[in-house]
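J.: First the structure, then my questions, so here it is.
The values are calculated or read from the model by the stated rules, or taken from the named source; none is laboratory data. In this text, all values refer to a predicted model and were calculated from it rather than measured experimentally. We place every Cβ from the backbone using ideal geometry, glycine too, and count neighbours over all the protein chains shown. The protein model used for the area step is the full one, side chains on, heavy atoms only, and it has no ligands, DNA or RNA in it. Shrake-Rupley method; radii C 1.70, N 1.55, O 1.52, S 1.80 Å.
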Amino acid sequence: FSCNLSDLLCSFLGLLYQEYRDKSTREEIETRRLQDSQTDPEETSPSEETPSEAEPTSTTENKAPPQINLLRNSNSRFNLWQDLPEVQNSGVLSILQPDEIKLQEAMFELVTSEASYYKSLNLLVSHFMENERLKKILHQSEAHILFSNVLDVMAVSERFLLDLEQRVEENIVISDVCDIVYQHTVNHFSVYITYVSNQTYQERTYKQLLQDKPAFREVISQLELDPKCKGLSFSSFLILPFQRITRLKLLVQNILKKVEEKSDRESTALDAHKELETVVKACNEGVRKMSRTEQMISIQKKLEFKIKSVPIISHSRWLLKQGELQQMNGPKTSRTLRTKKLFREIYLFLFNDLLVICRQIPGDKYQVFDSAPRGLLRVEELEDQGQSLANVFILRLLENADDREASYMLKASSQSEMKRWMISLAPNRRTKFVSFTSRLVDCPQIQCVHPYVAQQPDELSLELADVLNILDKTDDGWIFGERLHDQERGWFPSSMGEEILNPKIRAQNLKECFRVHKSDDSQRRKLGSRNRQ
């Protein structure tokens, strides 16, 4: 920047974005734990900031607060807005309502976290991308895939941060930041879609370079050991833009929960949130599109049709789940037969609009013997049928490849695998607990305390501090959940989270979520079917 404010802000923070983000989310977790354990949760409404000590409750009229020259205290690290000497010395803390102080903290966090993010982006460029030894090792095309349009992303962050800082400098009490978020999201944040859509190529190129070029591996290792990186890996810098655009949406949500209802600030926060959601969804779609296309081509090559051939590759089709199940042979009266004769292996490919039923044949191929549109599938669980028929369910094809109804009795390897197949095959089937979209007064909830990366298409990746409604659970340690902030659904290990036991906290979480999404009420009815796909 031409001015020194950004440098002062980064110096003030003293944290790279990875550290800042980790610290912030862990504080969210601890705050919720504290609230969940309180006997009277009404005294502390759920929030995503660290609770302040002894917040003033004066209700006197607001005076015109003094202006502030932002963050001259470069020795402080990760301070709250109310910890700034200028704020404390101004007397404004005795004037503002506690709710307004919480709102100031939420807006201040958006600004300081952007400064930390910019600092990390700057390190990615200056320390890694512009390293002379690395430049000589990498071919121009490799460097382009590895770093993509990160210079554009950094320039956008710089402009965004400058506007945020100018707003904070105008007055010691921040008037708003969401109007700035809105303008930059609409006009500049498309660079994130370009960067994130390149992620699959980026990851593949990085792994290939580590494997094929010992010199690249050596230079990256040396650069990572530099104290500037604070023990953080090169890959943690590469993923920064995707993490930031997602986190920015959550920070705006946090502001939205704290602004006055039906106020101008609520209106700008809703507008900013809606535009950020559009960008985040476009980022997600960009990542999925390339990997899905490659996957569909690979599956098409493996299939041999015993029945009339079905074209597999389509721009609107993707894989939801695949795997082996045991099919029961003969009529149901054959239960006296030994288990190994009772069942034989079949293999299912379930797409968002189609089910293909196969048998594996030599050469890593699959022979297709039946299929049906996904919308014409029904499932039914068998209960209390003895050990040999444990985890068995009935799959009905209302109209199969021969244009007739067909039924299959299928056995899964575990209870969780059975439930996962049943929910994937028939997404409209009622789950054990009712979802967010039903506006249920209470529903089991869980908070993520360990990040999780989805291993299968029907699983859900989790970030620290995510809050989810529990829609179903299994006895062998899996949960089917719906994340509150984006209504994405999927399975994850129950060990990744802690259940929220206080019903008042759960109700407050739902209330806040409804408020955040009230601008797209008309779309909520569509969310259930879309996110189950």
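J.: Using label points projected 7 Å from each Cα along Cα→Cβ, tell me how many nm separate S233 and E218, to one decimal.
T.: Roughly 2.2 nm, to one decimal.
J.: Quick one: ranking S236, S413, S298 by accessible area, 1.4 Å probe, largest first, what do you get?
T.: S413, S298, S236
J.: Let me ask something else. At a Förster radius of 22 Å, what calculated FRET efficiency corresponds to the Cβ-Cβ distance of E170 and T278, to the nearest 0.05?
T.: 0.15
J.: Let me ask something else. Once fully extended, how much extra length lies between N187 and D226, figured as 0.36 nm per residue of separation less the alpha-carbon to alpha-carbon distance?
T.: 10.4 nm
J.: Would you grab the residues whose amide H sits under 5 Å from the one on E459? Only those 5+ places off in sequence or on another chain, please, with H modelled 1.01 Å from N.
T.: Answer set, sorted by chain and number: W491.
J.: Across the range 240-257, in residue order, what do the Karplus-derived ³J(HN,Hα) couplings come to in whole Hz, using 6.51 cos²θ - 1.76 cosθ + 1.60 with θ = phi - 60° and x for Gly and Pro?
T.: Calculated HN-Hα couplings, in order: 3, x, 5, 5, 6, 5, 5, 5, 4, 4, 5, 5, 5, 4, 5, 5, 4, 5 Hz.
J.: Gain in length, L382 to E324, computed as 0.36 nm per residue apart minus the alpha-carbon separation, to one decimal in nm? Show your work: numbers first, answer last.
T.: Values: separation 58, 0.36 × 58 = 20.88 nm, distance 1.88 nm.
Length gained between L382 and E324: 19.0 nm.
J.: How large is the accessible surface of M328 in square angstrom, using a 1.4 angstrom probe and rounding to the nearest 10?
T.: Counting only protein heavy atoms, the figure is 10 Å².
J.: While we're looking at this one, here's another question. The range 346-415: which trypsin sites (Lys or Arg not before Pro) are DSSP loop and have at most 10 other beta-carbon atoms within 10 angstrom?
T.: R404
J.: Multiply the residue separation of D264 and E399 by 0.36 nm, subtract the distance between their alpha-carbon atoms, and state the gained length in nm to one decimal.
T.: 43.2 nm
J.: So, R0 is 60 Å and r is the distance between the beta-carbons of H450 and K308; what FRET efficiency does that work out to, to 0.05?
T.: With R0 = 60 Å, the Cβ-Cβ based efficiency is 0.80.
J.: How do S371, S37 rank by accessible surface area computed with a 1.4 Å probe, from largest to smallest?
T.: S37, S371
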